[in-house]
Every structure is written in structure tokens, then in C-alpha cells.
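Heads up, the thing below is written out as C-alpha cells.
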Amino acid sequence: SEGPMLVRADIFIFYIVWITMAQLLAQEEKEKTTALKDLLSRIDLDELMKKDEPPLIFPKTLEEFEYTFNEHGQLRHTTTGDPFVFNYKEDLHRWNQKRYEALGEIITQYVYECLEKDCKLRKEMLPVDATEDEPKSFIYLSEDALTNADKLLVLIQGSGVVRVGQWARRLIINEDLNSGTQIPFINRAMKEGYGVIVLNPNENFLEVEKVPEAEQSAPDTSDEPAEKRERKEEREGKKKKDFYEKYRNPQKERETERIPIRENSSPEEHTLYVWDHFISKSLAENIFVVAHSYGGLSFVELLIQREDEVKSHVSAVAMTDSVHNVWHQEANRSIQEWLKERCCNWVSSSEPLDTPVDPMLPDCLRLSAGTERHELTSWKSFHSIFKFFDKHLEQQMEDDVAEEEPSTTVTTRGSNRAKHEDL
């Protein structure tokens, strides 16, 4: 009996040793995992990707970029004739994005030149009473924008980086000027006798370089002698520096702050300001609006804020993939009814152009823009929009003639009731 007891004791001791070793190994693995997590937490993967990144310095002109617009308004390389290439440097997404943005800024200036030289529009600074030192924005107007007694066209783009004269920067760079800019709308409108006002709803602030704040040293709460602590911090600092220098070589972007432009600090505020200071002062009997995406929301907000004025001045509104929402924006019943009568929204859809699309909200008619691409809806519905405006102009002329003709019938309650039922 003594033999089996000794065996059982040995087994018991073995189990204890095995469990202890397992616990030690588990603890060691846990410590390794913790150390690895700590290491990974110190590494910014975005910064790691900047290790071999070239300087964030890019050309300032299309010529320096070696690109130009050909006779079809397409952006092409001056030597190869190829379209713009985003991935100019492989595996350097941030650098490629910054290069794309730099080109976008040049495109913006190019469009301004087209508006001034080709379309003969003039720039009007905002606010109208701006001082020399305060941040400013601007819009573009045709020479007869405020004096044309017949027709006025107002263009409002969506949100984002696009500036006055643009529908979508991506289309300008990857497709052509016709699809990505408002120039075709401006040219056709002026040819057909419209005055033109082009809004700039995304120019809301002046961006200036931030002045770095003086670094403040933390209060000394340690009991260690200063000399010893300095040596320790120096050693730790060197370790960290060596580690970071080994794995990354980041380019810091300049820090900026935004100074809002007075009374134009948002697309809605800008639209309201331009209405009050320009559009409402126009002599045009018929005002027409084209509003893309967020521009539709801004127009509905204007309609809510200046309901009587807008209803009495605006003949029709063409929206393209508008993001307005009459419920969320708390538009009243009379505004919803006015939108049903005067507004049409060409939306992104796989259906053919001008095919009715089920209404989502009780406001304006929704038709297919003939494309599923949001940014293309304005260009694809270009001809349909001007037909829509012509239809409202014809209706307005008929109404004017009817008002001028003397009544040859005796008005009775019954005739009024019959007329109302016909409507």
C-alpha cells in the first residue's frame, strides 16, 4: 500500500509543478501581450505610411502640373495626352490626396477665369459693406443681373469643396468642364436672355495659419533630485526619439484656424444674404433657380425665412438630387403646396431621363435624371431643366394675357364655383 501512495504523491507534486509552470508561462505571455499592445498604441499607422513620403510641395499652375484642358474641355497630360492619374505614387495615399487637392485649387482658379473672361461675369464682394481687413467672399453676376426686367437665373451648388461656378470638382478633373461646371447653364441662360447670379455657398470662412501657443512646463511634483530626474528623462527621451525616428519620419501639416465670413458663415446664411442684397432687388419679372444637392436645402430654408418674397418673385425651381426635407425643415403646408406647383427635383435613378419617380415627401415632383451618379444629375437634366422653365414662362404669359383681357361675362357665385372646380 505504501508504493501506490508514493506514486500518488509524485503525481500530485507533478500536477502542482505543472500548474505553477503553466501559470508562470501564462503570466509571461500576458506580459508580452501587454507590452505588444503598449508598443502598438505608440505607433500611428498613418504616420508610418509617411516614412518615405516626398515633401508636400506641389505645382502652382496647370502648366507646372503638365496638364491642360483640350478642345473638348477634358483635362489631359500635355505630353502623353492621358487623363489625370490619382495614384501618381504607389502606396502613398495621403501624398496623392494632397496632390489632388492642390490640383483642385488650381482648377477652382481656372473656373473663375472662365466665368470672367468667357462668360463675361463680374465679381461682387461679400459682405457688401465689408471693411478692408475682414474676411470676404464673393459671387458672380452678369452685367444685367439686377436690371434685366424679363428673366433671372440663380445657380446654387451643393456642399463641400466646390466653389462658385462648379457642380463637382471630381467631374471637372475626371470627365470634362461641361459636366462639372455651371458654365453651360450660364451660357445658355445668357443666350436666351436671362440675367444670371451665381452663388458661392461654401466660401464661409477665411483659413489662416494658427499661431503656435507657447509651451508651458508642467509643475514639478516629483521628490527626485532635479539632476537625477533630468538624466532619467533625457535617457527616456532619447529612447523614444530613437524608436520614433526608426519607424517614422512624419511631415507635419500647418495648423490653421477658421475666421467666419460675416453673414455668410454657412450655405443657408449665404443664400439668405444674397437674396436680401441682390436677388430680391432684381427687376426681373420671372426668377428661376437651379439648386443641386444641399443647394436645394438652402433654397427651402430661404423659402421658409422669406416666404412671401420668394413666392412673389420666383417662377420655378429646378432641383437636382436635392437633400432638402420639408418635414425636418418644418416647412408649413402653404410652402409644401407651392413646391408642388413650382418645383421639380431631378433625382439619381436607373430609370430613363424624366421618368416620374415615387415621391418620398409631400412636396415637389420627382423625375429621374437619367443617371445613378449624384454629381452628374445637374448635367444630365440640363435640357429638361430649360424645358421646364420654358413651360412655366409660357404659363406665366398666358396668365398675364388673361389678366389683361376685359371680362365679358357676368360674375356670379355659380360661375366662380364652376371656375374653382375646373382648377
Answer with yes or no whether Arg163 is free of Cβ contacts under 8 Å to residues at least 60 places away in the same chain, assigned by TED's automatic domain parsing to the domain that holds Gly295 and touching an Asp or Glu at 6+ places or on another chain (Cβ under 7 Å).
yes
Criterion first (surrounded by 21 or more Cβ atoms within 10 Å (Cβ to Cβ) and either of a type outside the set (Lys, Arg) or in contact (Cβ under 8 Å) with a residue 12 or more places away in the chain (or both)) does Ile172 satisfy it?
yes
Looking only at the stretch 341-364, count every residue that is over 25 Å from the mean Cα position of the chain (by Cα) and outside any loop (DSSP other than H, G, I, E, B) and tell me the total.
3
Selection count where residues are among the small types (Gly, Ala, Ser), modelled with pLDDT under 95 and either assigned by TED's automatic domain parsing to the domain that holds Gln182 or surrounded by 11 or more Cβ atoms within 10 Å (Cβ to Cβ) (or both), scope the stretch 72-113
2
Which condition does Glu268 not pass, out of (1) surrounded by 16 or more Cβ atoms within 10 Å (Cβ to Cβ); (2) part of a loop (DSSP other than H, G, I, E, B), if it passes all the others?
(2)
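Rundown of residues vs (1) within 17 Å of Glu203 (Cβ to Cβ); (2) assigned to a loop (DSSP other than H, G, I, E, B), yes/no style:
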{"residue": "Pro83", "(1), (2)": "no, yes"}
{"residue": "Lys89", "(1), (2)": "no, yes"}
{"residue": "Gly104", "(1), (2)": "yes, no"}
{"residue": "Lys120", "(1), (2)": "no, yes"}
{"residue": "Val128", "(1), (2)": "yes, yes"}
{"residue": "Leu146", "(1), (2)": "no, yes"}
{"residue": "Gly160", "(1), (2)": "yes, yes"}
Being of a type outside the set (Ser, Thr, Tyr), assigned to a helix (DSSP H, G or I), in contact (Cβ under 8 Å) with a residue 24 or more places away in the chain and more than 25 Å from Ser315 (Cβ to Cβ) narrows it down to one of Asn96, Asn178, so name that one.
Asn178
Filter the stretch 276-302 for residues that are surrounded by 23 or more Cβ atoms within 10 Å (Cβ to Cβ) and either in a helix (DSSP H, G or I) or at pLDDT below 95 (or both) and give the result.
Ile279, Gly295, Gly296, Leu297, Ser298, Phe299, Val300, Leu302
When you check Glu403 against the structure, is it in a helix (DSSP H, G or I), at pLDDT 95 or above and out of contact with any Pro (no Cβ under 8 Å at 6 or more places or on another chain), yes or no?
no
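The values are calculated or read from the model by the stated rules, or taken from the named source; none is laboratory data. On a predicted model such as this, the values are computed, not experimentally measured, just so you know. Every residue, glycine as well, gets a Cβ built from its backbone with ideal geometry; the counts of neighbours run over all protein chains shown.
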